[in-house]
Amino acid sequence: MKSENYSENIIKVFKKDGFVLSEPDVLLDSDYIIQRSGENFRKLMLTFDDDTGKSICLRPDLTIASCIKYLKDNSKKTSKIFYSGQAYRRSIGQNDKVINDQLGIEILGSKNKSTDDLKILKTIINSIKKIKIKNASIKVGDVSLFQKLIDSLK
């Protein structure tokens, strides 16, 4: 399958650029996510109560699950991670899927946000080159960071 090939090639770039696989938990504390992500997030989560009555959910997003794992590990170090797997969200629209494949990278505990953001953008660009997509676009919120990236590629 073409998308699996894309994922495999992107993961190779992630590893080459020093990112390490993070395998976040599938089951998460619903209340913990709501506290940090807001009440609006509740309608997207697939939740149930465990044997003790605690509200548990299937991970709605791998970014959130990876950040929770990092916080649980209580690491004070910078972690360059990638994740690949499935996230589970309640479908709202007709075309929404309950199971969503997700692939991404993060640098957690960063001491130098600009440098690390630039590293992530370079890795994304390298990934796009690896899978040979011609008409890709990247939207960046911080224009000055994007300019640094452009300058570094010259």
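Can you tell me which condition LEU153 does not meet? The list is (1) farther than 22 Å from ALA87 by Cβ; (2) open to solvent by less than 70 Å² (accessible area, probe 1.4 Å); (3) at pLDDT below 80, and all the others hold.
(2)
When you go through (1) open to solvent by 40 Å² or more (accessible area, probe 1.4 Å); (2) over 17 Å from the mean Cα position of the chain (by Cα); (3) at pLDDT below 90 one by one for GLY93, which number turns out not to apply?
(1)
Across the stretch 1-48, which residue is farthest from GLN102 (Cα to Cα) among those that are of a type in the set (A, V, I, L, M, F, W, C) and at pLDDT below 90? Before you say what the answer is, go through the steps one by one.
Restricting attention to the stretch 1-48, the residues satisfying the condition of being of a type in the set (A, V, I, L, M, F, W, C) are 1, 10-11, 13-14, 19-21, 26-28, 33-34, 41, 44-46, 48.
After this cut, where a residue has to be at pLDDT below 90 as well, the list is 1, 33-34, 41, 44.
Numbers: MET1: 16, ILE33: 18, ILE34: 21, PHE41: 18, LEU44: 16 Å.
Checked the stretch 1-48; the qualifying residue farthest from GLN102 (Cα to Cα) is ILE34.
Looking for whichever is modelled with pLDDT of 90 or more, over 18 Å from the mean Cα position of the chain (by Cα) and not aliphatic (A, V, I, L, M) here; the options are SER79, SER55. Which one fits?
Numbers: SER79 fails: over 18 Å from the mean Cα position of the chain (by Cα).
On inspection, the qualifying residue turns out to be SER55.
In the stretch 96-150, how many are open to solvent by less than 50 Å² (accessible area, probe 1.4 Å) and modelled with pLDDT of 85 or more?
19
Could you grab me the full set of residues in the stretch 47-85 that are without any contact (Cβ under 8 Å) to a residue 24 or more places away in the chain and either outside any strand (DSSP E or B) or under 28 Å from LEU118 (Cα atoms) (or both)?
Of everything in the stretch 47-85, those that are without any contact (Cβ under 8 Å) to a residue 24 or more places away in the chain and either outside any strand (DSSP E or B) or under 28 Å from LEU118 (Cα atoms) (or both) turn out to be ASP50, ASP51, THR52, GLY53, LEU71, LYS72, ASP73, ASN74.
Open to solvent by 50 Å² or more (accessible area, probe 1.4 Å) and under 27 Å from SER7 (Cα atoms): does that describe SER66?
Numbers: open to solvent by 50 Å² or more (accessible area, probe 1.4 Å): no; under 27 Å from SER7 (Cα atoms): yes.
No: the conditions fail for SER66.
Within the stretch 12-28, restricting attention to residues that are among the β-branched types (Val, Ile, Thr) and farther than 20 Å from LEU58 by Cβ, which residue is least open to solvent (accessible area, probe 1.4 Å)? So that I can check it myself, show each step before the final result.
From the stretch 12-28, those among the β-branched types (Val, Ile, Thr) are 13, 20, 26; that's our starting set.
Those left that are additionally farther than 20 Å from LEU58 by Cβ: 13, 20.
Values: VAL13: 15, VAL20: 92 Å².
That would be VAL13.
Could you list, in sequence order, the residues of the stretch 3-46 that are of a type in the set (Asp, Glu), assigned to a helix (DSSP H, G or I) and under 18 Å from ARG90 (Cα atoms)?
First, the residues of the stretch 3-46 that are of a type in the set (Asp, Glu): 4, 8, 17, 23, 25, 29, 31, 39.
After this cut, where a residue has to be assigned to a helix (DSSP H, G or I) as well, the list is 4, 8, 31, 39.
Of everything in the stretch 3-46, those that are of a type in the set (Asp, Glu), assigned to a helix (DSSP H, G or I) and under 18 Å from ARG90 (Cα atoms) turn out to be ASP31, GLU39.
The values are calculated or read from the model by the stated rules, or taken from the named source; none is laboratory data. This is a predicted model, so every value here is computed, not measured. Cβ sites come from the backbone with ideal geometry, for glycine too, and all protein chains shown count toward neighbours. Only protein heavy atoms, including side chains, enter the accessible area calculation; ligands, DNA and RNA are left aside. Shrake-Rupley method; radii C 1.70, N 1.55, O 1.52, S 1.80 Å.
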